[in-house]
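Colleague: Mind looking over this structure? Questions follow.
The values are calculated or read from the model by the stated rules, or taken from the named source; none is laboratory data. Please read all numbers here as calculations on a predicted model, not as lab measurements. Please note: Cβ atoms are built from the backbone with ideal geometry, for glycine as well, and neighbour counts cover all protein chains shown. When the accessible area is computed, the model is the full protein with side chains, heavy atoms only, and any ligands, DNA or RNA have been set aside. Shrake-Rupley method; radii C 1.70, N 1.55, O 1.52, S 1.80 Å.
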Amino acid sequence: MKITLHGAAGEVTGSAYHVQTNEASVLVDFGLFQGRELSSGANVVPPQLDPHKLTSVVLTHAHLDHTGRLPLLVKAGYHGPIYATPASLELAKLVLEDAGKIQEHDSERINRKRAERGEAAQPPLFTVADVAGVVALFKPLPYVNPTTVAPGVTVRMYEAGHLLGSASIEMEIAEAGKKKTVIFSGDIGPRGAPILRDAACLTRADLVFLESTYGDRDHQTLADTVKQFREIVAKAVKEKGKILVPTFALGRAQQLLYHLAEMFDDGVVPRFPVVLDSPMAIQATEIYVHHPELYDEDMKRMVKEKGLLQRLERMQHSVTGDDSKKLNEMTGPCMILAGAGMANAGRIVHHLRQGLPLAGTVVMIVGFQAPGSLGRHLVDGDKEVSIFGERVPVRATVHTLGGFSAHAGQTDLMEWFSCPAHQRPRVVLTHGEEKGRKPLAQLIQQRYGIQAVLPMLGDEIEL
Ligand SMILES: [Zn+2]
């Protein structure tokens, strides 16, 4: 029995664990490496991984850094089942199709330039048509029920509280009379976040793969962040401001709608128009609406009499590019939520070009902004930014809210680990950079006397 790490080892993207016994070959997640050139050579099916010998794939959740290499696997000949919770499969289809579209679009642009230089065309990593081949293999897996996914390999999915349908996986692996229990934490959500239930407590394990994205720190508390959010919105509405929010389509957008609905219910602000200007966020929100069985108690209470979208009443969906352009003429008070989350592409860029020079505009940054992105320039307080090659002055008010995270901070990660810790399992820290996983390893050593393993890409863990 061994498990090979084909990603997210010393970094946060590319999650992929290959579980092998004499009889079974199972992949847990097969994510894209992000934040570098997609065609950089990392985004491949590793040569040690034979798609024809693979029995099954199990996914922790739908994010691209956990699912994005599946089209490559299927193109390489894999035709077995791809298991995940029903909500994860719906979101994964959306995420992969969106990524396929972006790659087709980007590759067209790149190939036009290559053609000018007389170079041969480069195919996109995968296309929307390739994604259809992946979706055809999807097999829903309910939470908690044990399911045998390969000879001697049984899995149970438990709530991870990170994204709709997200799961931690408890895997029982049997080989030649030996039996081991391995937990894959997946990405773990912060405790007390709205909409979703908190991550479940998994108590049985011989080995734990634990994510360590924020192993070094805690976020600002959600209560403080929501207070700040409410104050900014209330002030902007009073001053008839136009609020622009660059937002990720999955998770964050739905959380913000929840906080707005709460404000309207409490009568903190008069109802004002809220526009979801992102086809992907609109579809993701519909998927959230159709899975009330995954809500936490607060969300269940909220939607009992009236659904989330009905509560927002003057909520508008902007589906087409023309709908989006019309929003230019919209005057405040209003809020426009649009992608991309880091304002480096997508419809939000047009809104920012128009709105940033105006003193009445309020920009709310609610997620991580990578260095170099337009969102990061705004966070850094630049008084002028470059948009489509044009210099755009920033007279808008920019607010950065640090506490909306889909990831557990250090305290919540340790709390999660306290469940299996009493069994003194081996611990492997993944899905984190050195600065995240080293302090977490130290803390685990101090508290439990367990020396965590910090693997690198390609490392094998023998069971
Ligand atoms: Zn994730």
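Colleague: Which ranges mark the strands (runs of 3 or more DSSP E) fully within the stretch 120-235 that have 2 or more residues being within 16 Å of the ligand (Cβ to nearest atom) and aliphatic (A, V, I, L, M)?
Modeller: Working: elements: 138-140, 147-150, 153-159, 167-175, 178-184, 207-211.
Qualifying strands (runs of 3 or more DSSP E): 167-175.
Colleague: Among the candidates VAL144, VAL153, which residue alone is crowded, with 22+ Cβ neighbours inside 10 Å and within 17 Å of LEU59 (Cα to Cα)?
Modeller: Values: VAL144 fails: crowded, with 22+ Cβ neighbours inside 10 Å.
Among VAL144, VAL153, only VAL153 is crowded, with 22+ Cβ neighbours inside 10 Å and within 17 Å of LEU59 (Cα to Cα).
For (1) polar (S, T, N, Q); (2) open to solvent by 50 Å² or more (accessible area, probe 1.4 Å), each residue gets a yes or a no:
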position	(1), (2)
LEU294	no, no
LYS304	no, yes
LEU308	no, no
LEU312	no, no
MET315	no, no
THR320	yes, yes
LYS325	no, yes
ASN328	yes, yes
ALA338	no, no
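Colleague: I've got another one for you. Pairs under 7 Å by beta carbon, first residue farther than 23 Å from GLY215 by Cα in the stretch 1-25, partner among the hydroxyl-bearing types (Ser, Thr, Tyr), six or more apart or different chains?
Modeller: Listed by first residue and then by second, the contacts come to MET1/THR21; HIS18/THR4; ALA24/THR55; SER25/THR55.
Colleague: Output the residues belonging to the stretch 325-341 that are among the small types (Gly, Ala, Ser) and within 30 Å of the chain's Cα centre (by Cα).
Modeller: ALA338, GLY339, ALA340, GLY341
Colleague: Can you tell which of ARG447, ARG426 is open to solvent by 40 Å² or more (accessible area, probe 1.4 Å) and out of contact with any strand residue (DSSP E or B) (no Cβ under 7 Å at 6 or more places or on another chain)? Walk me through how you get there before you give the answer.
Modeller: Details: ARG426 fails: out of contact with any strand residue (DSSP E or B) (no Cβ under 7 Å at 6 or more places or on another chain).
After ruling out the rest, the residue left standing is ARG447.
Colleague: Still on this model: Residues that are open to solvent by 70 Å² or more (accessible area, probe 1.4 Å) and within 16 Å of the ligand (Cβ to nearest atom): which strands (runs of 3 or more DSSP E) entirely in the stretch 341-409 hold 2 or more of them?
Modeller: Numbers: elements: 361-365, 384-387, 390-393, 397-400.
Hits in the stretch 341-409: none.
Colleague: On to the next question. If only one of GLY77, GLY7 is in a loop (DSSP other than H, G, I, E, B) and either buried (at least 21 other Cβ atoms within 10 Å of the Cβ) or within 16 Å of the ligand (Cβ to nearest atom) (or both), which one is it?
Modeller: Details: GLY77 fails: either buried (at least 21 other Cβ atoms within 10 Å of the Cβ) or within 16 Å of the ligand (Cβ to nearest atom) (or both).
After ruling out the rest, the residue left standing is GLY7.
Colleague: Among the listed residues HIS105, HIS61, identify the single one that is within 20 Å of MET280 (Cα to Cα) and buried (at least 19 other Cβ atoms within 10 Å of the Cβ).
Modeller: Numbers: HIS105 fails: buried (at least 19 other Cβ atoms within 10 Å of the Cβ).
So the residue among HIS105, HIS61 that is within 20 Å of MET280 (Cα to Cα) and buried (at least 19 other Cβ atoms within 10 Å of the Cβ) is HIS61.
Colleague: Tell me which residues, restricted to the stretch 121-141, are more than 18 Å from GLY41 (Cα to Cα) and either at pLDDT below 95 or exposed (fewer than 11 other Cβ atoms within 10 Å of the Cβ) (or both).
Modeller: At the first step, the residues of the stretch 121-141 found to be more than 18 Å from GLY41 (Cα to Cα) are 128-141.
Those that are more than 18 Å from GLY41 (Cα to Cα) and either at pLDDT below 95 or exposed (fewer than 11 other Cβ atoms within 10 Å of the Cβ) (or both): ALA129, ALA136.
Colleague: Condition first: buried (at least 19 other Cβ atoms within 10 Å of the Cβ) and over 19 Å from PRO86 (Cβ atoms). Now tell me which residues in the stretch 156-180 satisfy that.
Modeller: Hits for the stretch 156-180 are MET171, ILE173.
Colleague: Looking at the stretch 260-312 only, could you name the residues that are aromatic (Phe, Trp, Tyr) and more than 24 Å from the chain's Cα centre (by Cα)? If you could, list the steps in order and put the result at the bottom.
Modeller: The first filter runs over the stretch 260-312 and keeps only residues aromatic (Phe, Trp, Tyr), leaving 264, 272, 288, 295.
Of everything in the stretch 260-312, those that are aromatic (Phe, Trp, Tyr) and more than 24 Å from the chain's Cα centre (by Cα) turn out to be PHE264, PHE272.
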